[in-house]
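Here is the structure we will look at, set down as structure tokens.
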Amino acid sequence: MAVAEQSSVVMDVQGLTKHFPAGRSSLLGGERRFVHAVDDVSFSLHRGEILGLVGESGSGKSTIARVLSGLYPATAGQALFHGQDVLKLRGRRRMLGYRSRVQMVFQDPFGSLNPVKTVAYHIERPLLIHHRTKRGSATRERLYELLRTVGLTPPEDVAAKLPNQLSGGQRQRVSFARALAVNPEVILADEPISMLDVSIRMGILNLMGRLRQEQGLSYLYITHDLASARYLCDRIIVLYAGHLMESAPAEELMREPLHPYTRLLLTAVPKPRQRQGRVRVEARGEIPTVVSPQPGCRFANRCPNVMDRCRVETPGVAEVRPRHFVRCFLYDVPSVEGRSAPGTGVGNG
Amino acid sequence: MTAQAVAFGGSSLEPAAASDALLAVTGLSVEYLTPRGPARAVQDVSFSLRPGEILGLAGESGCGKSTIAHATMRLIKDPGFITAGSIRFRDVEVLNMSSGALRDFRWRRVALVSQSAMNALNPVLPVGTQIVDALMAHERIGRRQARRRAEELFELVGIEPRRLRSYAHQLSGGMRQRSIIAMALALNPEVLIMDEPTTALDVVVQRDILQQIEDLQARFGFAILFITHDLSLLVELSTRIAVMYAGRLVEVAPAEELLMRPLHPYTKGLMNSFPSIDGANERLEGIPGAPPDLVSPPSGCAFHPRCPSCTGEDRSLYRLQTSSRPELQEVAPNHWVACHLYR
Ligand SMILES: Nc1ncnc2c1ncn2[C@@H]1O[C@H](COP(=O)(O)OP(=O)(O)OP(=O)(O)O)[C@@H](O)[C@H]1O
Ligand SMILES: Nc1ncnc2c1ncn2[C@@H]1O[C@H](COP(=O)(O)OP(=O)(O)OP(=O)(O)O)[C@@H](O)[C@H]1O
Ligand code: SF4
Ligand SMILES: [Mg+2]
Ligand SMILES: [Mg+2]
């Protein structure tokens, strides 16, 4: 912990696992089954770092963010925030203290704003709760300033609106402004720009970049937009069916993807300028939700490189190049015995 | 104004268009009342949709895209009002439909995948029950058959049919979005309006679903209005693209043409602000300036305060840009633009 390099680690996540109950295997009782939404995911987030989290829809991205923000209890693993395990935080006051330093931007801007409260309420409330400002003109000033920062003008008008008087992208920016309000150290941003056009999107991305630079703000940035992940992120983690499949510096991941799923993902990105025509995605496989997983690679039934071994053994995570981690038997990775248990991942993404 | 109506009602654009258009929107205007006055969210918008066509609608956040979608379904609620225009579906005026006809129109004829899809499922019923109920309410089929159809639809959008038993909160954002797409497809609509349907989908799933929808479209010939901020997606997907700014259409062209030869400075700006996954990773600025205020929009061309071609060097052009609103004109075959640079 005393090592200088490690001192800049803000959040250190080890073996994070989250299972949801999924009923029983038969109507007459049977064994209890679980959706393995996140299995044994490890990474660390440094001060001023933007860490991208990309992957298949349903692969566990939102679950990771929700567990880290204390909304769901974890099944296993630990998440040290400045050395303290946030998965074991108890008590309202501690939780409140944590929330003022780690803020979440939710994926669904239509479900995450209270429909009967104004924009002003949504942004001023955290300011007041966390005593960032006193009620009155200072709060108003800060509110208007935040709205302007995210391009919601004129702020006086926007502040008085109810969520259903805003467009999708406008709500998304209200959510982002709300997270910024308390000057947090970390923002867990779940698809914060998915409804924004390129121009406003660039504004928000550049704002994220600037706050990282000026205030050392760190982000876990969940996105489907690989181009924006490349533009903004220092590192990118690729998730598939609850497993960390690859993790590497952003540029390297784009240039030299190692995992077959990452490669599939990159070929599917629209590249209108190259006029390559449409890429038909051939790997239309069952998109797995993992209930009671069997041993084997979770990508095996869609993988173009699948080998016999992949169906019976589960690949572990290994650092196959400096700071480049991958979970795939095409590389020299260990095999995880039986069902994956916490603590098997060595990936320190 | 009339030029626009004629253009997208069809007659001058393509002689046969008017009669074979499934949906023809003409001169549509929508306002929201606000304390400062009416916000003109949609102004004098015209377009038509033919069977088998995919019309893409792009434009910045808050420019009125969802408002067009809602107006087309007659779903605008107080304090919003349709103040002008006509919406004809198979030559029947939607704005005059009785409530019975409207109900039939909304589900069986035109289906909407709304932007709030992620939040649109009933939280206290399993998603499967919701699809089955909808099928049984609108079509003469039994529960078993409806169940089977629901399973097929889930398969189609790439969710395990087992998941029909899940409640909305147990599904990921992308799964909820896909459930809504499945529901919209359930009754074989003739027009499908999709408002940002893929914001929670990774590119692989997105491609897969769009392929499935295109295959269905080839089979059944329905028309699609596809709304998204993602121009690169539209360029691949659509037959034609309409670009909107501050409530108005500013450019309409075949997809390929728009990609190769964007004319409106706003469209050009959009095309130039894409980050990409290859090539140099340069800083991009987007389009400088703030989105316009819809209550008191800029005079003349609404884009002029942000337009790189509005410099004042050419005095007479500048006077036009700042005082007179450009009309949509066909400046090349099927390529319409509203901009004073193309007088
Ligand atoms: N409360 C819950 N109860 C049961 N299952 C859940 C719950 N929340 C999530 N899941 C399941 O966990 C898995 C991961 O979901 P998650 O929302 O984390 O995915 P995601 O990566 O964010 O996907 P998307 O990109 O579609 O938003 C999914 O199979 C989902 O159905
Ligand atoms: N009920 C309402 N009252 C007042 N203004 C409204 C209302 N609903 C929408 N607006 C305003 O109308 C404009 C157009 O909204 P609309 O939802 O059509 O935008 P959009 O193009 O779909 O944007 P996005 O891409 O962000 O979803 C926005 O500026 C919005 O603030
Ligand atoms: S472990 Fe095997 S199945 Fe899995 S990604 Fe690698 S090659 Fe494919
Ligand atoms: Mg999610
Ligand atoms: Mg919208």
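Side notes on the structure shown:
- Test: residue in the stretch B:223-231 that is small (Gly, Ala, Ser) and in contact with a helix residue (DSSP H, G or I) (Cβ under 9 Å, 6 or more places away or on another chain): yes
- The selection criterion, being within 12 Å of another protein chain (Cβ to nearest Cβ), more than 16 Å from ligand 4 (Cβ to nearest atom) and within 20 Å of the chain's Cα centre (by Cα), does not hold for B:Arg165.
- The stretch A:145-170: number of residues that are within 14 Å of chain B (Cβ to nearest Cβ) and assigned to a helix (DSSP H, G or I): 14
- The requirement of being of a type in the set (Val, Ile, Thr), farther than 21 Å from B:Asp278 by Cβ, touching a Phe, Trp or Tyr at 6+ places or on another chain (Cβ under 8 Å) and away from chain B (no Cβ under 11 Å) is fulfilled nowhere in the stretch A:171-184; no residue meets it.
- Those residues of the stretch B:295-327 which are under 25 Å from the mean Cα position of the chain (by Cα) and not hydrophobic (A, V, I, L, M, F, W, C), in sequence order: B:Ser296, B:Pro297, B:Pro298, B:His304, B:Arg306, B:Arg325, B:Pro326, B:Glu327
- For the residues A:Leu45, A:Leu143, A:Leu53, A:Leu128, the requirement of being more than 30 Å from A:Leu264 (Cβ to Cβ) and surrounded by 16 or more Cβ atoms within 10 Å (Cβ to Cβ) singles out A:Leu143.
- Residue check: B:Ile193 meets all listed conditions (1) touching a helix residue (DSSP H, G or I) at 6+ places or on another chain (Cβ under 6 Å); (2) within 14 Å of chain A (Cβ to nearest Cβ); (3) within 30 Å of B:Asn272 (Cβ to Cβ); (4) β-branched (Val, Ile, Thr) but one, namely (2).
- Within the span defined as the stretch B:190-203, one or more residues are assigned to a helix (DSSP H, G or I) and out of contact with any strand residue (DSSP E or B) (no Cβ under 8 Å at 6 or more places or on another chain).
- For A:His131: the one exception among (1) assigned to a loop (DSSP other than H, G, I, E, B); (2) touching a helix residue (DSSP H, G or I) at 6+ places or on another chain (Cβ under 8 Å); (3) without any contact (Cβ under 8 Å) to a residue 12 or more places away in the chain: (2)
- Matching residues in the stretch A:263-305 - criterion: being closer than 30 Å to B:Asn272 by Cβ, at pLDDT below 90 and among the hydrophobic types (A, V, I, L, M, F, W, C): A:Ala268, A:Val269, A:Val279, A:Val281
- Considering the stretch B:162-194, the residues that are free of Cβ contacts under 8 Å to residues at least 24 places away in the same chain and surrounded by fewer than 20 Cβ atoms within 10 Å (Cβ to Cβ) include one that is nearest to ligand 3 (Cβ to nearest atom), namely B:Arg162.
- Qualifying residue in the stretch A:66-76 (condition: away from ligand 1 (no atom under 16 Å from the Cβ) and at pLDDT 95 or above): no
- Subset of the stretch A:232-244 that is in a strand (DSSP E or B) and closer than 22 Å to A:Val9 by Cα - its residue that is farthest from ligand 1 (Cβ to nearest atom): A:Arg235
- Looking only at the stretch B:288-303, and only at residues there that are touching a residue at least 40 places away in the same chain (Cβ under 8 Å), buried (at least 20 other Cβ atoms within 10 Å of the Cβ) and in contact with a helix residue (DSSP H, G or I) (Cβ under 8 Å, 6 or more places away or on another chain), the one that is farthest from the other protein chains (Cβ to nearest Cβ): B:Phe303
- Only listed residue being assigned to a strand (DSSP E or B), within 12 Å of chain A (Cβ to nearest Cβ) and either touching a residue at least 12 places away in the same chain (Cβ under 8 Å) or surrounded by fewer than 17 Cβ atoms within 10 Å (Cβ to Cβ) (or both), chosen from B:Val235, B:Val243: B:Val243
- Matching residues, the stretch A:187-225, being more than 22 Å from A:Gly48 (Cβ to Cβ) and in a helix (DSSP H, G or I): A:Val198, A:Ser199, A:Ile200
- Here A:Ala229 meets each of (1) buried (at least 24 other Cβ atoms within 10 Å of the Cβ); (2) within 16 Å of ligand 2 (Cβ to nearest atom); (3) among the aliphatic types (A, V, I, L, M); (4) assigned to a helix (DSSP H, G or I) with one exception, condition (2).
- When residues in the stretch A:188-213 are screened for being away from ligand 4 (no atom under 16 Å from the Cβ) and more than 9 Å from every other protein chain (Cβ to nearest Cβ), 7 of them pass.
- Identity of the residue in the stretch B:34-68, among the hydroxyl-bearing types (Ser, Thr, Tyr) and either away from every other protein chain (no Cβ under 13 Å) or within 16 Å of ligand 1 (Cβ to nearest atom) (or both), that ends up farthest from B:Leu249 (Cα to Cα): B:Ser48
- Within the stretch B:171-189, tally of residues that are in a loop (DSSP other than H, G, I, E, B) and more than 8 Å from ligand 1 (Cβ to nearest atom): 4
- Matching entry among B:Arg261, B:Arg315 (being more than 9 Å from chain A (Cβ to nearest Cβ), in contact (Cβ under 8 Å) with a residue 40 or more places away in the chain and either in contact with a Lys or Arg (Cβ under 6 Å, 6 or more places away or on another chain) or more than 25 Å from B:Ala111 (Cβ to Cβ) (or both)): B:Arg261
- Cβ-Cβ under 6 Å pairs, at least 6 apart or on other chains, the stretch B:267-279 side in a helix (DSSP H, G or I), far side not hydrophobic (A, V, I, L, M, F, W, C): B:Thr267/B:Glu251; B:Lys268/B:Pro262; B:Met271/B:Pro262
The values are calculated or read from the model by the stated rules, or taken from the named source; none is laboratory data. These figures come from a predicted structure and were not determined experimentally. When we count neighbours, we look across all protein chains shown, and the Cβ atoms used for this are built from the backbone with ideal geometry, even at glycine.
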